[in-house]
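The values are calculated or read from the model by the stated rules, or taken from the named source; none is laboratory data. Owing to the predicted nature of the structure, the values given are computational and were not obtained by experimental measurement. Note that each Cβ is placed from the backbone with ideal geometry, even for glycine, and that neighbours are counted across all protein chains shown.
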Amino acid sequence: MKNNTLIIILMMLISSTVFSQKEFERVANKLCKCIEKEKATTQGDVDSCLERTFAKNMDVFFKYYDAKTIDDIDMEEVGNVIGIYIAENCTYAAEAFMDEAGKESNFIEPAEDLTCLDIHQGEYYYTNEVKELNFIDTTYVSFNGDLYLERMKNGKTYSILDIEWINDCDFELTFKASNDPMKKRLSKPGDIYKYQIIDKTPTSIIIETFWNKRKYQVTFHKI
């Protein structure tokens, strides 16, 4: 359920390759430095840094993939690798492209005397909007007994996690498996994530969590 707006931006833009960890870190660091140096705040700024950074390293990319054309390069995996590195290691980029769920100005205080037993079973969805690309990423969620299921990309990919309710409104998710490239890179089996339901309406709930030392509040809409 981790917030991934920055990752989505980079997945949509990068036109390069996946490479060894050392090479990845070198190129990703150059991209980070360019974004920060240019004080990128718009899609055009990011486009410029991406084009320059990757143009200077195309020989590395083609060599790693033994690619003859750009069509021989695994675009999705490139986006996954670079995007996750940027999200975890590039403070300026993470701040500049923070979506609404991570903006402190939008946070609410937990509701008092909240009851959540009616939420322990149910179907929901949440979205991440990339305004610069006019793109909305939707994740569908099922609370079902001791299982928590996420479905992405119109049901083509999924993640399965065990759910343990600590109390009425607090729960922990333990990652089990996923066929989604992004989720597989972000988590490994046994990773545990903590969540708290902090408010609800007849049609939605608001969940608070922390990732990479940052707080997020995400609205789940009832299906």
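Assorted remarks:
- Filtered by the rule that a residue be modelled with pLDDT of 80 or more, in contact with a helix residue (DSSP H, G or I) (Cβ under 7 Å, 6 or more places away or on another chain) and hydrophobic (A, V, I, L, M, F, W, C), the range 23-66 gives V27, A28, L31, C32, C34, I35, A40, C49, L50.
- Any chance Y158 is at pLDDT 90 or above and over 22 Å from K200 (Cα atoms): yes
- Qualifying residue in the range 140-149 (condition: out of contact with any His (no Cβ under 6 Å at 6 or more places or on another chain), modelled with pLDDT of 95 or more and not in a strand (DSSP E or B)): no
- Total residues in the range 175-218, condition of a type in the set (S, T, N, Q), in contact with a strand residue (DSSP E or B) (Cβ under 8 Å, 6 or more places away or on another chain) and either surrounded by fewer than 17 Cβ atoms within 10 Å (Cβ to Cβ) or at positive phi (or both): 3
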